[in-house]
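The values are calculated or read from the model by the stated rules, or taken from the named source; none is laboratory data. Keep in mind that this is a model prediction, so the values were computed, not measured. In this analysis, Cβ positions are derived from the backbone assuming ideal geometry, glycine residues included, and neighbour counts consider all displayed protein chains.
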Amino acid sequence: MADHLAALVAEYGNPEDVIRLARLPRPNLEPGMVEIAVERAAINPSDLIPVTGAYSNRTVLPFVPGFEGVGTVSRIGAGVTGLKSGDRVLPLGASGLWQSYLQRPAEWCFAVPDDLSIEQAATAYVNPMTTLRLIAELKEHFGGNSGLAGRRVAVTAAGSAIGRMLLSTLSAEGADVTAIVRNKTTLARLLALPSLQTCVAGENSSGDRVFDAVVDAVGGDPGGSLLRQNLAPGGMFLQYGALSGVPVAQAAISARPDVRFSFLWLRSFVHSAGRQAISNALAQCFDGIRDGSMASHIAATYPLSRLDEALAHQNAPDRYGKVLLDPRC
Ligand SMILES: NC(=O)c1ccc[n+]([C@@H]2O[C@H](COP(=O)([O-])OP(=O)(O)OC[C@H]3O[C@@H](n4cnc5c(N)ncnc54)[C@H](OP(=O)(O)O)[C@@H]3O)[C@@H](O)[C@H]2O)c1
C-alpha cells in the first residue's frame, strides 16, 4: 500500500513552526476499523491549541492534527457492518483529519447526507454541535424550551463561526441578542445579518448594558469584566473558549456567587453521549446548515501540500471564514 501525505506534530510549539508535512505508511486495517480517504478538513482554533502543548497531559506525540473533516470510506476492516466503500462519512472522536487517509473505529464514522456540499459537510460538526450544546445549557438554566424568549444574551467573538451560529440560533429562540466584537470590519459584516437585533463594537466591551447570559469565547480580562459588571443576578456566564489566551480569572468568578459560571467542552458531550445521541445532534446540525443558521462561511481551500499558506491564512487578521484543507493534493 503506497504511503500518503500527512501533517505531523512531533514537538510542541507555535503551529506554523512545528507542524510538518510527512509521508506516512498506510497501516493494515484491524478488525472493526474503517479507512477513510479524507476529502476536506477544517482548520479550527481547537485544532491548533493541542499543537502548542496546552493539553500535553492527554496528547501523545507525534500526532496528526484535525478534529473535523469529511471523506469517503476506502477500506473496511473485518467485522464492520453498515458501511461500504464509497460511503461519505464524518469521522469523529479524535484528531487526525489533516492527512489523506485516516483510520477510525466504525462506530465513530457518521453518514453525511448527499445534499450537503463538501465544504459544508467538512464544517458540519465542531461548531454546529458546540452551538447546539451551548443553547441546551442556556435553556436548562433558564427553565427549558421556551426559556430563552426575551432573555438578554451577549455573544463575544461574535464574528467567529460559532459566534454567527449563536446569533442566528439565539435570535430564532426569541432572545434579545447582543454581539460583541473587537473590530469594525466584523461589526459591519454582522450588521448586514437580518437576524441581529443589537450589535456592539469596540474592544470586546459592552459598556453598561446588563445581560441575563453571556456566552463567551474570549476569556481573560474582557470576559472577566463582562462577568463582574454586565451580568444580572441569577444569570449565566457560559464560557467555551479562551481566544485571549487565558480563561476568565478565578477572582472574577468568585466575585459573582450570584450567577452560574459554567465551561462547556464539546468533547465531554461527544465522549459520553453515545452514538444515537451524536447521530441525533448531527441531524440537527445538518438541518441547521440547510436553513443557513449553522452554515459556515468558507475563506479558502488549500491543498494539504500548501499547509504553510493555509496556516498563514488562518492567522491573518483579515480572515473571514473557515480555512479548509484538501488532503488529496
Ligand atoms: N469548548 C468547545 O468544545 C469548543 C468547540 C469548538 C470551538 N471552541 C472555541 O470557540 C472559539 C471560536 O471558534 P471558531 O471556530 O468559531 O473560530 P473562528 O471562526 O476561527 O473565529 C475566530 C474569531 O474570533 C475573533 N477573535 C480572535 N481572538 C479574539 C480576541 N482575543 N478577542 C475577541 N475576538 C477574537 C476573531 O474575529 P475578528 O477578527 O472578527 O475579531 C477570529 O476571526 C475558539 O476559541 C474555539 O477554541 C470551543
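Just need a number here: residues in the stretch 169-196 that are more than 21 Å from F211 (Cα to Cα) and basic (K, R). Selection size over the stretch 169-196: 2. Restricting the stretch 171-199 to residues that are farther than 13 Å from A217 by Cα, within 15 Å of the ligand (Cβ to nearest atom) and hydrophobic (A, V, I, L, M, F, W, C), the residue that is surrounded by the fewest Cβ atoms within 10 Å (Cβ to Cβ) is A192. Out of all the residues in the stretch 317-326, is one or more assigned to a strand (DSSP E or B), within 13 Å of the ligand (Cβ to nearest atom), farther than 15 Å from P45 by Cβ and touching a Leu at 6+ places or on another chain (Cβ under 7 Å)? No: zero hits. Looking at the stretch 274-305 only, could you name the residues that are over 30 Å from R23 (Cα atoms) and either free of Cβ contacts under 8 Å to residues at least 60 places away in the same chain or of a type in the set (F, W, Y) (or both)? Across the stretch 274-305, the qualifying residues are G274, Q276, A277, N280, A283, F286, D287, D291. Among the residues of the stretch 9-40, just one is over 23 Å from the mean Cα position of the chain (by Cα) and β-branched (V, I, T), namely V34.
Within the set V218, V270, the sole residue that is farther than 30 Å from F110 by Cα, within 23 Å of the chain's Cα centre (by Cα), within 16 Å of the ligand (Cβ to nearest atom) and not charged (D, E, K, R) turns out to be V218. For the stretch 136-168, the set of residues classified as touching a helix residue (DSSP H, G or I) at 6+ places or on another chain (Cβ under 7 Å), more than 16 Å from F211 (Cα to Cα) and either more than 9 Å from the ligand (Cβ to nearest atom) or of a type in the set (F, W, Y) (or both) consists of N145 only.
Every residue, every condition in (1) among the hydroxyl-bearing types (S, T, Y); (2) loosely packed, with under 14 Cβ neighbours inside 10 Å; (3) modelled with pLDDT of 95 or more, yes or no:
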position	(1), (2), (3)
S254	yes, yes, yes
P257	no, yes, yes
R260	no, no, yes
L264	no, no, yes
S268	yes, yes, yes
G274	no, yes, yes
S279	yes, yes, yes
A283	no, yes, yes
D291	no, yes, yes
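Here A299 passes the criteria (1) part of a strand (DSSP E or B); (2) surrounded by fewer than 12 Cβ atoms within 10 Å (Cβ to Cβ) except the one numbered (2). Can you tell me which residue in the stretch 41-86 is surrounded by the fewest Cβ atoms within 10 Å (Cβ to Cβ), limited to those that are free of Cβ contacts under 8 Å to residues at least 12 places away in the same chain and of a type in the set (D, E, K, R)? Applying the filter and picking the extreme gives R58.
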